[in-house]
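The values are calculated or read from the model by the stated rules, or taken from the named source; none is laboratory data. None of these values were measured; they are calculated from a predicted model. FYI the Cβ positions are ideal-geometry reconstructions off the backbone, even for glycines, and counts take in every protein chain you see. For accessibility, only protein heavy atoms count, side chains too; no ligands or nucleic acids. Shrake-Rupley method; radii C 1.70, N 1.55, O 1.52, S 1.80 Å.
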Amino acid sequence: QLGESGGGLVQPGDSLRLSCANSGGTFSGYTVGWLRQAPGKEREFVAALRLTTGHTRYADSVKGRFTISKDAAKNMVLLQMGGLKPEDSAVYYCAAARGLIIASMTQDIHYTNWGQGTQVTVSS
């Protein structure tokens, strides 16, 4: 059971940190991804972290602005978002899967566990 937190309303240029917790156990052996969906748009990949190897992947639209990381002590995966833009507004979902190969990290169809999502709104 995945749960996201940290969403909210911010202004353009602000930062926000999203957290993904796994109430069903640890993230050991998982790949954890963040995906988002804006109204009227398809869900899109944002970032992913392959916890077994440390590999990360980012969508081109967020590279240099977003960072995905783990907080092992809290059993969480974090998404630090900076330089937020109105086009970053969406519901952000945390997703996880075991045994995901690196090439599949950016593809939402491979994720088997999903959170309920947290709303991020960037507006002045």
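Within the shell defined by Cβ-Cβ distances under 12 Å, the residues around Ala97 carry a net charge of +1, with Lys and Arg each +1 and Asp and Glu each -1. Using a probe of 1.4 Å on the protein chains alone, the accessible area found for Tyr30 is around 40 Å². How big is the accessible area of Asp108 in square angstrom, nearest 10, if you roll a 1.4 angstrom probe over the protein chains? Accessible area, nearest 10 Å²: 40 Å². The C-alpha radius of gyration of the chain, expressed as a fraction of 2.2 N^0.38 Å, stands at 0.97. Proximity of backbone amide H atoms, modeled 1.01 Å from N, is registered between Lys85 and Gly13 at under 5 Å, excluding neighbours fewer than 5 places apart on the same chain. Looking at region 1-90, which GluC sites (Glu not before Pro) are DSSP coil and have at most 13 other C-beta atoms within 10 Å of their C-beta? Answer by residue number: Glu42. Taken per residue, the accessible surface of the chain reaches 51 Å², heavy atoms only and a 1.4 Å probe.
The modelled label-to-label distance between Lys74 and Ser15, using points 7 Å beyond Cα along the C-beta direction, is 1.4 nm.
Reported to the nearest whole Å, the Cα centre-to-centre distance from region 55-110 to region 8-38 is 7. Each eigenvalue of the Cα gyration tensor of region 67-124, multiplied by 5 and square-rooted, gives one semi-axis; in descending order these are 23, 15, 12 Å.
Positive contributions from Lys and Arg (+1) and negative ones from Asp and Glu (-1), summed over other residues with Cβ under 12 Å from the Cβ of Val122, come out at 0. When you restrict to C-alpha pairs under 8 Å that are six or more residues apart and normalise by the size of the chain, the relative contact order lands at 37 percent.
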